[in-house]
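Colleague: Let me begin by handing over the structure; questions about it come next.
FYI, it's all coordinate maths here, none of it is from the lab. If you're wondering where the values come from, they're calculated on a predicted model, not measured in any experiment. Don't worry about glycine lacking a Cβ; one is built from the backbone with ideal geometry, like all the others, and counts go over all protein chains shown.
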Amino acid sequence: MDLAIKNGRIIDPVADRDELGELYVVNGRIAATPPPGEHETIDARNKVVAPGLIDIHVHLREPGQSHKETIESGTKAAAAGGFCSIACMPNTEPPADNPSTIAWIADRARESASINVFPTGAITKGLKGEEMAPIGSMVQAGIIAITDDGHCVQNNEVMRRAVEYARMFDLPVMDHCQDYDMVGDGVMHEGYWSTVLGLSGWPRAAEEIIVMRNILLAELCDTRIHCQHLSSGGSVRLVREARSRGIPVTAEICPHHIALTDECIGSFDANYKMNPPLRTQRDAEELIEGVADGTITLLASDHAPHAYFEKEVEFDQAPFGILGLETELALFLTILVHRTKAIDIKRLIAMYTVNPAALVRLPKGTLAPGRDADITIIDPDLEWTFRKEESFSRSRNTPFDGWKLKGRAVHTIVAGKTVWKL
Ligand SMILES: [Zn+2]
């Protein structure tokens, strides 16, 4: 069905467009003129009409861990969060470190996904950090980036070779920044609260040292390296300095690192256990400053579902990670736009559309005529309460149950088709 979206505030950051107007969809694509025949009309009064949002950091858990999430359930949660496209991480079982697993994920997405799914491939075989994965054949199978997310290549020479190889395919390298020896068995931020609670610490420097390694390799190899889910204020300072010298390094943050601090772990609730860990209020403020001054240019969820029985164990034993797809937009709107006013909604939309599209070279993230009609309609002022029982995910591991939030996606359209609406 063709569409006319009326009365909305259309924001398309790449075209520097922010105006009240109408947006048309004909044959699944954005059109410059109204549909010629019968069509549906959507009233977007008091709403923002944005290019379909993109989350470049999602764990869909298929293949191998469908008790946590499936491509079907995860993409439903994504659609309900306002996302039209997501990049899924390769730490599945088996890991997505070869073209046949990538092809399997793409096939499964074609059958069961309600939105666009773009697979990433592992940097190294088995995510072991030793031997490079067959990057060229994974590119042919459709990956948009390489990452060992959940793991981190420790050997700098292996990483250098992978970065040089990625350069041949104009492929970004995304990195989960963690020095294994420094982290050891750390389960939370190393500081006052880890001492008080008697839990092993994961120091900031163990992230910053790998962020610095990545900056040096991005400079040496002139290849774009993207640092995933920054948690430390020191990492922001390193990325700021590198970007000011034109080094092709980018960084993302996830909402939990600015919404929560390590103090929350006093409850020993494993829904506050993530990797990298929650840090201090000062870190959260420095991450927000990094967003405000343009050091951090991407937002993502690190949506990491785990089953109830897996998280309901002692804090040290529980797996890292929380759900994110259905709360990330609202948390970022609440904190970055409404509460701290670090950025306006146009910047926030850029961080979820044109910026990720540019990083992974996707022809998405804009409302230009002729492009796929991926559209997210957002009510930026809607006050609502997140209830985990209403989630589309197969898992319930979130610390945000019952949180009052301001702003939410109300309608998600992929290739002209409504995939979710409030
Ligand atoms: Zn990670």
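Colleague: Under unit Cβ charges (Lys, Arg +1; Asp, Glu -1), what dipole magnitude, rounded to 20 debye, does the chain have relative to its Cα centre? Before the final figure, lay out the partial values.
Modeller: Numbers: 43 positive and 59 negative charges, 182 e Å.
Dipole of the chain, to the nearest 20 debye: 880 debye.
Colleague: Please report the net charge: other residues with Cβ closer than 11 Å to the Cβ of Leu359, K and R +1, D and E -1.
Modeller: +1
Colleague: Just for the Cα atoms in the range 13-111, what are the lengths along the principal axes, largest first, rounded to whole Å?
Modeller: So the extents along the principal axes, rounded to whole Å, are 47, 26, 24.
Colleague: If one computes the Cα centroid of the range 53-85 and of the range 341-366, what distance in Å separates the two points?
Modeller: About 19 Å separates the Cα centre of the range 53-85 from the one of the range 341-366.
Colleague: Can you compute the helix-only [θ] at 222 nm over the chain? Use -39500 (n - 2.57) per DSSP H run of at least 4 residues, normalise by all residues, nearest 500 deg cm²/dmol. All intermediate terms of the calculation are to be shown ahead of the outcome.
Modeller: Working: 14 runs with 123 residues, N = 422.
Helix-only estimate at 222 nm: -8000 deg cm²/dmol.
Colleague: Mind pulling the angle between the C-alpha long axis of helix 99-112 and the longest principal axis of the chain? Nearest 10 degrees, somewhere in 0 to 90.
Modeller: With both axes taken from Cα atoms, the answer is about 40 degrees.
Colleague: Follow-up. What is the sum of charges around Pro380, taking Lys and Arg as +1, Asp and Glu as -1, for the other residues whose C-beta is under 14 Å from the C-beta of Pro380?
Modeller: Numbers: positive: Arg9, Arg45, Lys47, Arg339, Lys341, Lys346, Arg347, Lys406, Arg408; negative: Asp18, Asp344, Asp379, Asp381, Glu383.
Summing Lys/Arg as +1 and Asp/Glu as -1 gives +4.
Colleague: Let me ask something additional. So which GluC sites (Glu not before Pro) in the range 15-75 pass both tests, a DSSP loop state and at most 16 other Cβ atoms within 10 Å of the Cβ?
Modeller: Details: sites: Glu19, Glu22, Glu38, Glu40, Glu69, Glu72; in loops: Glu38, Glu69.
Passing both the DSSP loop test and the Cβ count: Glu38.
Colleague: Another one. Which trypsin sites (Lys or Arg not before Pro) in the range 1-63 pass both tests, a DSSP loop state and at most 14 other beta-carbon atoms within 10 Å?
Modeller: Details: sites: Lys6, Arg9, Arg17, Arg29, Arg45, Lys47, Arg61; in loops: Arg45, Lys47, Arg61.
Sites meeting the loop and neighbour criteria: Arg45.
Colleague: Calculate one ³J(HN,Hα) per residue across the range 287-297 by plugging θ = phi - 60° into the Karplus curve 6.51 cos²θ - 1.76 cosθ + 1.60, and present them in order as whole Hz with x for glycine and proline.
Modeller: With coefficients 6.51, -1.76 and 1.60, one gets 5, 5, 4, x, 5, 4, 8, x, 5, 9, 10 Hz.
Colleague: Taking Cα centroids, how far is the range 100-137 from the range 220-248 in Å?
Modeller: One Cα centre to the other: 25 Å.
Colleague: In whole Å, what are the extents of the chain along the principal axes defined by its C-alpha atoms, from largest to smallest?
Modeller: 64, 45, 44
Colleague: Of all GluC sites (Glu not before Pro) in the range 248-333, which ones are in loop regions per DSSP and have a Cβ with at most 10 other Cβ atoms within 10 Å?
Modeller: Numbers: sites: Glu252, Glu263, Glu285, Glu286, Glu289, Glu310, Glu312, Glu314, Glu326, Glu328; in loops: Glu312, Glu314, Glu326.
For GluC sites (Glu not before Pro) across the range 248-333 that sit outside H, G, I, E and B with at most 10 neighbouring Cβ atoms in 10 Å, the list reads Glu314.
Colleague: Compute from the Cα atoms of the range 15-65 the Rg and the Dmax, the latter being the longest Cα-Cα distance, and quote both in angstrom.
Modeller: Over the range 15-65's Cα set, Rg and Dmax evaluate to 16.3, 47 Å.
Colleague: Sort Phe386, Phe118, Phe268 so that the residue with the fewest other Cβ atoms within 10 Å of its own Cβ comes first and the one with the most comes last. Before the final figure, lay out each step's value.
Modeller: Details: Phe386 18, Phe118 22, Phe268 13.
Lowest to highest Cβ neighbour count: Phe268, Phe386, Phe118.
Colleague: Just going by the charge dipole of the chain, with Lys and Arg at +1 and Asp and Glu at -1 on Cβ, which of Tyr180, Ala270, Gly416 is farthest out on the positive end?
Modeller: Gly416
Colleague: How much net charge surrounds Ala166 when only other residues with a Cβ under 13 Å from its Cβ are counted (Lys, Arg +1; Asp, Glu -1)? Can you show the working numbers first?
Modeller: Details: positive: Arg160, Arg161, Arg167, Arg224, Arg361; negative: Asp148, Glu164, Asp170, Asp175, Asp222.
Every neighbour counted, the sum reads 0.
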